[in-house]
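The values are calculated or read from the model by the stated rules, or taken from the named source; none is laboratory data. Only a predicted model underlies this, so the values are computations on that prediction, with no experimental measurement involved. Because the Cβ atoms are built from the backbone with ideal geometry, glycine has one as well, and the counts that use them run over all protein chains shown. Ligands, DNA and RNA are excluded from the accessible area calculation, which covers all protein heavy atoms including side chains. Shrake-Rupley method; radii C 1.70, N 1.55, O 1.52, S 1.80 Å.
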Amino acid sequence: MIKVRGYAARDDHSPLTPFEFERRNPGPQDVRIEILYAGICHSDLHQARNHWSNSVYPMVPGHEIVGRVVEVGAQVKRFKVGDIAGVGCMVDSCRECSACAEDLEQYCEKGMTPTYNGKERNSDQSTFGGYSEQIVVAERYVVTVPKSLDLKAVAPLFCAGITTYSPLRHWKVGKGQKVGVIGLGGLGHMGIKFAKALGAEVTMITTSVDKGKDARRLGADEVLLSQDGSQMAAASRKFDFLLNTIPVGHDMNPYVGLLKRDRTMVLVGALTALEPPLMGYMLMDGRRSIAGSGIGGMAETQEMIDFCAEHGIVSDVEMMPIQSVNEAYERLLKNDVRYRFVIDMASLKAA
Ligand code: NAP
Ligand code: ZN
Ligand code: ZN
């Protein structure tokens, strides 16, 4: 076993603190990665604080991981020592079910293995995430990162990036379409960049009056203030596609009203109950749909990274040392992030 240092949540309310734990030695199909950067996703906060009622402690969060390959197993084909590699929200799946066979490992019928807050497939060992020095992952769940990209700004692509890219591709968003991205945070800012790069006309739909300038800099053509009733009424039946990244339960009725006939709003934010109730009429009027989408499969994650390299897309990041992770969580709760916190893992070595 390999001894690794990281930061862990010990319960649902105390600050994260230094934690030492063990990872497996790399097997024939494994890649061992020295972690350079780890993004802080709102899901890390949700799970550290047990918002989804499934947290197991101690928990080392982090599923937006970029690092350098330091060891490869004998059967590893795509990586060699020194390569730059990325790991996202899953580190394994059954590899046999129809979802896995169709490169949709995130929807594995036997349940994918999350990068943290889960168990390894063939042992009782907990999975521990990216707020740590190193990680060992089977090659299939590791993505090749082109060295041309700014690596610290690449980390968030492994969750915020793929979670927004995948539905935009699945619902074939492109030229001639009006797309609304709801919520300008980690996911939302990537949603704008991807929708724009795919050729759509993009509107940022936000609760924050002061984010309009940023939204335009990120590529939005228009900004719609969701709290402003007259702006919302004027945008009724305007959109071909809505990407909803709001992290908590919220009233979806006003957003559904923004869709054209036969169009879809995809939820990628709130995982828990969506209160208050949705009026059935809002779907019947215009045969509208609400759908959900979870991260993306491994092949699509590689495709997304390659798309980013081609279009020069990365995340807008604020770097921080791991010692400030608790402060980052507080700021995330206050909607005070522009637009992703990323931990420089060198700070862990320096400690
Ligand atoms: P984030 O950086 O905190 O951004 C969320 C944004 O939503 C905020 O910046 C804010 O934007 C808006 N918002 C926040 N609270 C709101 C409220 N009460 N009502 C309306 N709007 C609100 O979070 P994130 O990292 O992007 O994550 C967003 C959600 O996606 C989280 O719940 C996370 O767990 C989930 N997630 C899901 C997947 C998946 O596979 N489906 C993957 C990753 C993350 P404005 O200021 O512009 O309004
Ligand atoms: Zn995430
Ligand atoms: Zn499977």
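Which is modelled with pLDDT of 95 or more and under 26 Å from S132 (Cα atoms), of S315, S289?
Testing whether each residue is modelled with pLDDT of 95 or more and under 26 Å from S132 (Cα atoms) leaves just S315.
Going through the stretch 161-182 one residue at a time, which ones are assigned to a loop (DSSP other than H, G, I, E, B), open to solvent by less than 20 Å² (accessible area, probe 1.4 Å) and in contact (Cβ under 8 Å) with a residue 60 or more places away in the chain?
V173, the sole residue that qualifies.
Out of F158, F79, F128, I need the residue that is in contact (Cβ under 8 Å) with a residue 24 or more places away in the chain and within 16 Å of ligand 1 (Cβ to nearest atom). Which one?
It is F158.
Within the stretch 255-273, which residues are under 18 Å from E222 (Cα atoms) and part of a helix (DSSP H, G or I)?
Result: Y255, single match.
Would a scan of the stretch 185-200 turn up a residue that is away from ligand 2 (no atom under 16 Å from the Cβ), touching a residue at least 12 places away in the same chain (Cβ under 8 Å) and surrounded by fewer than 17 Cβ atoms within 10 Å (Cβ to Cβ)?
Within the stretch 185-200, one or more residues are away from ligand 2 (no atom under 16 Å from the Cβ), touching a residue at least 12 places away in the same chain (Cβ under 8 Å) and surrounded by fewer than 17 Cβ atoms within 10 Å (Cβ to Cβ).
How many residues, within the stretch 163-184, are of a type in the set (V, I, T) and within 15 Å of H42 (Cβ to Cβ)?
Count: 3.
Anything in the stretch 70-96 that is open to solvent by less than 70 Å² (accessible area, probe 1.4 Å), in contact with a helix residue (DSSP H, G or I) (Cβ under 9 Å, 6 or more places away or on another chain) and either part of a strand (DSSP E or B) or within 16 Å of ligand 3 (Cβ to nearest atom) (or both)? List them, or say none.
Filtering the stretch 70-96 down to residues open to solvent by less than 70 Å² (accessible area, probe 1.4 Å) leaves 70-73, 76, 79, 82-94.
Restricting the remaining residues to those that are in contact with a helix residue (DSSP H, G or I) (Cβ under 9 Å, 6 or more places away or on another chain) gives 72-73, 76, 79, 84, 86-94.
V72, I84, G86, V87, C89, M90, V91, D92, S93, C94 - these are the residues of the stretch 70-96 that are open to solvent by less than 70 Å² (accessible area, probe 1.4 Å), in contact with a helix residue (DSSP H, G or I) (Cβ under 9 Å, 6 or more places away or on another chain) and either part of a strand (DSSP E or B) or within 16 Å of ligand 3 (Cβ to nearest atom) (or both).
Count, please, the residues in the stretch 103-117 that happen to be part of a loop (DSSP other than H, G, I, E, B) and in contact (Cβ under 8 Å) with a residue 40 or more places away in the chain. Lay out the reasoning, then the answer.
Pass one, the stretch 103-117, residues part of a loop (DSSP other than H, G, I, E, B): 103-104, 108-112, 115-117.
From the residues that got through so far, the ones that are in contact (Cβ under 8 Å) with a residue 40 or more places away in the chain too are 103-104, 115-117.
Residues that pass the stated criteria total 5.
Looking at (1) among the aromatic types (F, W, Y); (2) open to solvent by 60 Å² or more (accessible area, probe 1.4 Å); (3) touching an Asp or Glu at 6+ places or on another chain (Cβ under 6 Å), can you tell me which one Y281 breaks?
(3)
Could you tell me which numbered condition R237 fails, if it satisfies all but one of (1) touching a residue at least 12 places away in the same chain (Cβ under 8 Å); (2) more than 13 Å from ligand 1 (Cβ to nearest atom); (3) under 27 Å from F341 (Cβ atoms)?
The failed condition is (3).
Inspect all residues belonging to the stretch 119-130 and state whether any of them is within 21 Å of A350 (Cα to Cα), surrounded by fewer than 22 Cβ atoms within 10 Å (Cβ to Cβ) and modelled with pLDDT of 95 or more.
So far as the stretch 119-130 goes, no, none of its residues is within 21 Å of A350 (Cα to Cα), surrounded by fewer than 22 Cβ atoms within 10 Å (Cβ to Cβ) and modelled with pLDDT of 95 or more.
Inside the stretch 323-335, can you point out the residues that are open to solvent by 20 Å² or more (accessible area, probe 1.4 Å) and more than 9 Å from ligand 1 (Cβ to nearest atom)? First the steps, then the outcome.
Our first condition is that a residue be open to solvent by 20 Å² or more (accessible area, probe 1.4 Å); within the stretch 323-335, this holds for 323-324, 326-327, 330-331, 333-335.
Q323, S324, N326, E327, E330, R331, K334 - these are the residues of the stretch 323-335 that are open to solvent by 20 Å² or more (accessible area, probe 1.4 Å) and more than 9 Å from ligand 1 (Cβ to nearest atom).
If a residue has to be part of a helix (DSSP H, G or I) and open to solvent by less than 40 Å² (accessible area, probe 1.4 Å) to count, how many in the stretch 204-233 make the cut?
Number satisfying all stated conditions: 6.
Quick check on my filter: what residues within the stretch 180-208 are more than 9 Å from ligand 1 (Cβ to nearest atom) and farther than 26 Å from D306 by Cβ?
The answer is G180, T203.
Looking only at the stretch 98-112, how many residues end up being crowded, with 18+ Cβ neighbours inside 10 Å, over 11 Å from G296 (Cα atoms) and within 15 Å of ligand 1 (Cβ to nearest atom)?
3
Look through V60, V56 and report the one residue that is among the β-branched types (V, I, T), open to solvent by 60 Å² or more (accessible area, probe 1.4 Å) and either in contact (Cβ under 8 Å) with a residue 60 or more places away in the chain or away from ligand 1 (no atom under 16 Å from the Cβ) (or both). Can you show your working first?
Values: V60 fails: open to solvent by 60 Å² or more (accessible area, probe 1.4 Å).
Result of the check over V60, V56: V56.
Look at the stretch 1-58 and say how many of its residues are farther than 27 Å from P247 by Cα and of a type in the set (F, W, Y).
Residues that pass the stated criteria total 2.
Which one is least open to solvent (accessible area, probe 1.4 Å), of the residues in the stretch 27-53 that are farther than 18 Å from Y329 by Cβ and acidic (D, E)?
Restricting to residues being farther than 18 Å from Y329 by Cβ and acidic (D, E), the top hit is D30.
Condition first: assigned to a loop (DSSP other than H, G, I, E, B), open to solvent by less than 30 Å² (accessible area, probe 1.4 Å), over 17 Å from V181 (Cα atoms) and within 16 Å of ligand 3 (Cβ to nearest atom). Can you find one or more residues in the stretch 291-310 that meet it?
yes
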